[in-house]
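Accompanying notes for the structure given below.
The values are calculated or read from the model by the stated rules, or taken from the named source; none is laboratory data. The shown structure was predicted, so the numbers you read here are calculated from the model rather than taken from an experiment. Every residue, glycine as well, gets a Cβ built from its backbone with ideal geometry; the counts of neighbours run over all protein chains shown.
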Amino acid sequence: MNNLNQHYQQFCVMCGEQKENGIYIHSGFICDQCESEIVKTEVTDEKYNYIVQRLKKLWLKNA
Ligand SMILES: [Zn+2]
């Protein structure tokens, strides 16, 4: 299973940029940068709403 070590350029669902490093949520990809954005975003932050909306779309799409 060494092919997991290959680096793929993936389109981040948050910023839409092609990144090598990040995490997979369902079949979507979120780059490191956006992931840390999400982690540090307060629930009361307006931006959090935006992020949740983006993620919801992704989750619904793959439900
Ligand atoms: Zn991103």
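Under the condition of being within 16 Å of the ligand (Cβ to nearest atom), out of contact with any helix residue (DSSP H, G or I) (no Cβ under 6 Å at 6 or more places or on another chain) and part of a loop (DSSP other than H, G, I, E, B), the residues counted in the range 28-63 number 0.
Any chance the range 12-33 includes a residue that's basic (Lys, Arg) and within 12 Å of the chain's Cα centre (by Cα)? Yes, the conditions are met somewhere in the range 12-33. Quick one: would you say residue 55 is surrounded by 15 or more Cβ atoms within 10 Å (Cβ to Cβ) and at pLDDT below 85? In short, yes.
Filtering the range 18-27 to residues that are touching a strand residue (DSSP E or B) at 6+ places or on another chain (Cβ under 8 Å), in a loop (DSSP other than H, G, I, E, B) and touching a residue at least 12 places away in the same chain (Cβ under 8 Å) leaves only 20.
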